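Reading through the structure tokens given below for one structure.
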Amino acid sequence: MIQDKTPKVAVIGLGFVGLPLAMLLVSKGFKVIGLDIDVKKISSIKNGKSYISDISNETLVNALHSNQFSATSNTEVLEKVDIIIICVPTPLNDDKSPNLNYVQSAAEMIQKRMKKGQLIVLESSTYPGTTRDIVKPILEKSGLLVGRDFHLAYSPERVDPGNKQFELENTPKVVGGITVDCKEVAVELYTKIYSDVVPVSSTEAAEFTKLLENTYRFVNISFMNEMAIMCNEIGVNLWEVIDAASTKPYGYHPFYPGPGISGHCIPVDPLYLQFIMKQKGLSSQFIHLSDQMNKDIVDFIVHRTFEIAEKEKPSVLIYGLTYKKDISDIRDSRAIDIFAQLIEKGAQVAYHDPFIPEVEISGERKQCIALDPQSISENDIVLILTDHSEIPSDLIAKHAKAIYDTRAVYKDDSLSKGNIKQLGNGLLV
């Protein structure tokens, strides 16, 4: 059990999951060492410059000045800590199979410097069986045995960038251990950090929990995108229908269409689940169809943009590249795919996103342009892909020749002007 009131914790991976977790641990009185192989991140942290939108420079500087937090690329620090939490990326390979190289490298790094009594927790999203079948054998190469010499657990990260209602601390924390003792030690740790801890029977149950959450969203958002395409053809306003359906007090939960499912979790995690199912000789038609719809909606939006612009090679101004509003994250953003496909099909494309000063599209660097009457009016169409809170919708509506709104930024009164078309709103075709 964790007897020391202030155990030392190492967080491996200081990205969108690891750095916020490290800051939360510091705020709870833990002494934390952040470990990352990216020397640029370490340098940025040491200079008090945060690269995560949810972590302010002030928070980072205060943590450094408290002497409770430090950042390094030196793996020797793992010998000096009581708890190690792995928060490394788990991307997909080109063939959409899981890429666990970062997880395996972290486990190898740990096993070379393990000591008795340590608690090791994997938080990276992955398929059921990863902790037991991949991480555990690597760690036990050290000669130490799980459940006897060290504890091993899995607790899925639940980070929602930009969410001010449910931040890290007040989002329930699911925890599963390789053994009962492993679970109890991990629960004891997380109880000191989170408002609500949810123990489950195994690491596999904890791993599956994260995949179920995001597959649920993946399938339902994909379904809404299919409905948007349908409503475009049959002359119905899907946004109106969703609002009406949402008045039912039971049996319905609203999901909304958009320019494809993006981000580091929702379009990726279901494919981890599909991978392990195929390993067992099974497959999910829901996941397969949802993945296909995530491609189809990109194609549909590109086609519709050309259709609305009424030109063979239109000039397009994209508003918003991030995968959700008010954050500076374009990981796996379908907006990038739409941008690239528009160019490939002959459009002249510029963009404005207040959170993304420059971006690489098909190997070429593109700079964010100013959003003003001239830049709006000189393009054939404005394509809205992200509904940032500060979007100047009135300015765009006043000066744009045509607008394709994929986020329902405009409501009924604005739509009556006629130059605005909306994803899923067939009444405006």
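Is it the case that residue 223 is open to solvent by 50 Å² or more (accessible area, probe 1.4 Å) and under 25 Å from residue 267 (Cα atoms)? Yes; evaluated as a whole, the condition is true for this residue. In summary, strands (runs of 3 or more DSSP E) completely within region 351-429 and bearing 2 or more residues that are out of contact with any Pro (no Cβ under 7 Å at 6 or more places or on another chain) and open to solvent by 30 Å² or more (accessible area, probe 1.4 Å) occur at 358-361, 364-367. When you check residue 53 against the structure, is it among the small types (Gly, Ala, Ser) and either in contact with a strand residue (DSSP E or B) (Cβ under 7 Å, 6 or more places away or on another chain) or part of a helix (DSSP H, G or I) (or both), yes or no? Considered against the rule, which asks whether it is among the small types (Gly, Ala, Ser) and either in contact with a strand residue (DSSP E or B) (Cβ under 7 Å, 6 or more places away or on another chain) or part of a helix (DSSP H, G or I) (or both), residue 53 comes out as no. If you go through region 322-340 one residue at a time, do you hit one that is open to solvent by 10 Å² or more (accessible area, probe 1.4 Å), more than 19 Å from the chain's Cα centre (by Cα) and in contact (Cβ under 8 Å) with a residue 24 or more places away in the chain? No, region 322-340 has no match at all. Across region 226-249, the qualifying residues are those that are among the polar types (S, T, N, Q) and over 16 Å from residue 304 (Cβ atoms), and the one among them that is most open to solvent (accessible area, probe 1.4 Å) is 247. Taking the numbered list (1) in contact with a helix residue (DSSP H, G or I) (Cβ under 8 Å, 6 or more places away or on another chain); (2) open to solvent by less than 50 Å² (accessible area, probe 1.4 Å) in turn, residue 209 passes all entries but (1). Pairs linking a residue in region 274-303 that is closer than 18 Å to residue 332 by Cβ and of a type outside the set (Phe, Trp, Tyr) to a residue that is part of a helix (DSSP H, G or I) and open to solvent by 70 Å² or more (accessible area, probe 1.4 Å), with Cβ atoms under 6 Å and 6 or more positions apart or on different chains, are 293/226.
Checked against the criteria, residue 218 does not count as open to solvent by less than 30 Å² (accessible area, probe 1.4 Å), free of Cβ contacts under 8 Å to residues at least 40 places away in the same chain and touching a helix residue (DSSP H, G or I) at 6+ places or on another chain (Cβ under 7 Å). For region 62-74, enumerate the residues that are within 26 Å of residue 331 (Cβ to Cβ) and open to solvent by 20 Å² or more (accessible area, probe 1.4 Å). 72, 73, listed by residue number.
The values are calculated or read from the model by the stated rules, or taken from the named source; none is laboratory data. Given the structure is predicted, the values throughout are model-derived calculations rather than measurements. A quick note on method: Cβ atoms are made from the backbone with ideal geometry, for glycine too, and the neighbour counts reach across all protein chains shown. Just the protein is used for accessible areas: all its heavy atoms, side chains included, with ligands, DNA and RNA removed. Shrake-Rupley method; radii C 1.70, N 1.55, O 1.52, S 1.80 Å.
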